[in-house]
Amino acid sequence: MPVSPFRAGAREGFFAFLPLSVGLIPWAMVTGMAMISTGLTPTQAMGMNLIVFAGTAQLGTLPLIGAGAPLWLIVVTALALNLRFIIFSAAIAQGFRGVGTPLRWYCGHLLTDGVFACCLEKLLKVDDRRWRLGYYLAPSIWSWALWQVFALIGVFAAGSIPKHWSLEFMASIALLVLLVPLAKQRPMLVAALTSGATAVLLRGVPLRLGLIVAIVVGIMAGFAAEHWSKRGETA
Amino acid sequence: MSAEAALWLTFILIGLATTLPRASFIVLGGRVRLPSVVQRALRYAPAAALAAIVAPDVLVVGGDFMPLNPKLAGVVAAVAAALLWRNPWLPFIAGMAVLLGLRALLGG
């Protein structure tokens with residue numbers, strides 16, 4: 001019996017992504033622990049994990065939730081952390097040609113950095129709609145399952161670890177480890193340094209408004225740095 | 001609204017702030033295109049947001065700018081581990097070990 005295109009695509013996508021997916025495990029565990037050390041109950045933590053399904057947005061908003069920041073600021077921060085997905089979504093959109101709208105919403109919900117980086121090329125190339133869908137969904141659903149399971153393990157591990165171990169510091173490390181590969185590009189480093197310095201300078205501003213100003217200043221600095229470095233090349 | 005309800009509302013809104021950007025162009029398909037200037041500017045948002053969240057956590061102690069503290073040492077160790085090795089666990093192990101080790105040494 002011939003294998004269906006969906007299953008053939010699913011198998012290929014799954015095995016292409018499998019080695020990369022190991023990297024999700026510490027993230028999920030750290031996120032689980034960070035949610036507990038912020039003060040969430042295990043039910044709230046897993047609720048957040050199921051609803052949000054995004055390590056960066058979860059880790060980035062937890063300090064704000066813990067500090068009682070206003071809701072709009074938390075949402076704007078989450079948006080800023082997720083803006084990259086608009087670009088990913090635009091880049092990968094052609095991979096879903098021929099797929100119905102409800103399924104597109106589901107695929108969109110599951111979009112992660114890892115699957116995007118791993119699957120983009122073939123998704124754009126292959127013609128068969130069913131093959132592409134399998135190729136995208138298998139690694140995406142695998143990521144989702146790993147994320148939920150290991151976050152749950154983190155949630156329960158955090159409860160048995162003493163408070164003075166400062167587990168919340170794991171969240172800071174996690175955010176920095178996400179930043180490291182980005183900051184290898186010069187303008188990106190400029191954006192990060194400017195934004196970080198601005199956030200420190202404006203730390204006394206009420207409602208943590210300094211955070212939003214810092215993000216905007218950082219984006220402008222990165223953009224300016226890119227512009228100048230390009231002018232330098234052509235001059 | 002109770003604190004519990006407010007928290008769940010927060011989760012739902014963060015969820016929307018995640019799924020809407022992710023699904024945006026996948027759902028819209030080829031009908032809409034983003035201006036390239038906007039695309040280029042948006043690329044800097046994650047790095048800027050990450051740095052803006054982490055920097056005060058690491059460099060400010062009790063409201064004062066205090067760059068020389070055990071957290072910064074932990075961060076340096078974690079970043080070095082991330083730069084030098086591909087093992088995804090190492091930055092966490094290195095960072096936590098330096099933070100807890102220094103605290104134990106300094107008696108903090």
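Considered as a group, the residues in segment A:63-79 that are more than 7 Å from every other protein chain (Cβ to nearest Cβ) and under 16 Å from A:Pro206 (Cβ atoms) include one that is surrounded by the most Cβ atoms within 10 Å (Cβ to Cβ), and that residue is A:Leu64. In the set (1) touching a residue at least 24 places away in the same chain (Cβ under 8 Å); (2) surrounded by fewer than 22 Cβ atoms within 10 Å (Cβ to Cβ); (3) within 14 Å of A:Tyr136 (Cα to Cα), A:Phe15 fails one condition alone, (1). If you go through segment B:94-108 and keep only what is more than 9 Å from chain A (Cβ to nearest Cβ) and part of a helix (DSSP H, G or I), you end up with B:Ala97, B:Val98, B:Gly101, B:Leu102, B:Ala104, B:Leu105, B:Leu106. In the condition set (1) under 17 Å from the mean Cα position of the chain (by Cα); (2) modelled with pLDDT of 95 or more; (3) on the phi < 0 side of the Ramachandran plot, A:Gly55 is compliant with all but (2). Assess whether A:Ser172 counts as being among the hydroxyl-bearing types (Ser, Thr, Tyr), surrounded by fewer than 23 Cβ atoms within 10 Å (Cβ to Cβ) and modelled with pLDDT under 95. The answer is no for A:Ser172.
For the residues B:Pro88, B:Pro46, B:Pro35, the requirement of being crowded, with 19+ Cβ neighbours inside 10 Å and closer than 26 Å to A:Ile87 by Cβ singles out B:Pro46.
Scanning segment B:55-93 for residues that are facing chain A (nearest Cβ under 7 Å), of a type in the set (A, V, I, L, M, F, W, C) and touching a residue at least 12 places away in the same chain (Cβ under 8 Å) yields B:Val58, B:Leu59, B:Val75, B:Ala78, B:Val79, B:Phe92. The selection criterion, being within 8 Å of chain B (Cβ to nearest Cβ) and within 25 Å of A:Thr112 (Cα to Cα), does not hold for A:Ala197.
For the residues A:Val149, A:Val180, the requirement of being within 11 Å of chain B (Cβ to nearest Cβ) and in a helix (DSSP H, G or I) singles out A:Val180.
One residue is enough: does segment A:128-138 have a residue meeting the conditions within 30 Å of B:Met96 (Cα to Cα) and either of a type in the set (D, E, K, R) or free of Cβ contacts under 8 Å to residues at least 12 places away in the same chain (or both)? So far as segment A:128-138 goes, no, none of its residues is within 30 Å of B:Met96 (Cα to Cα) and either of a type in the set (D, E, K, R) or free of Cβ contacts under 8 Å to residues at least 12 places away in the same chain (or both).
What about A:Val155, is it over 25 Å from A:Val22 (Cβ atoms) and modelled with pLDDT of 90 or more?
Spelling it out, it is not the case that A:Val155 is over 25 Å from A:Val22 (Cβ atoms) and modelled with pLDDT of 90 or more.
Residue selection: A:Ser140 satisfies the criterion of being more than 25 Å from B:Gly101 (Cβ to Cβ), touching a helix residue (DSSP H, G or I) at 6+ places or on another chain (Cβ under 9 Å) and modelled with pLDDT of 90 or more.
Screening A:Gly100 on (1) surrounded by fewer than 23 Cβ atoms within 10 Å (Cβ to Cβ); (2) over 23 Å from B:Pro35 (Cβ atoms); (3) in contact with a helix residue (DSSP H, G or I) (Cβ under 6 Å, 6 or more places away or on another chain) shows it passes everything except condition (3).
The values are calculated or read from the model by the stated rules, or taken from the named source; none is laboratory data. Computed from a predicted model, the values in this text were never measured in an experiment. Counting neighbours? That spans all protein chains shown, and the Cβs are built from the backbone with ideal geometry, glycine included.
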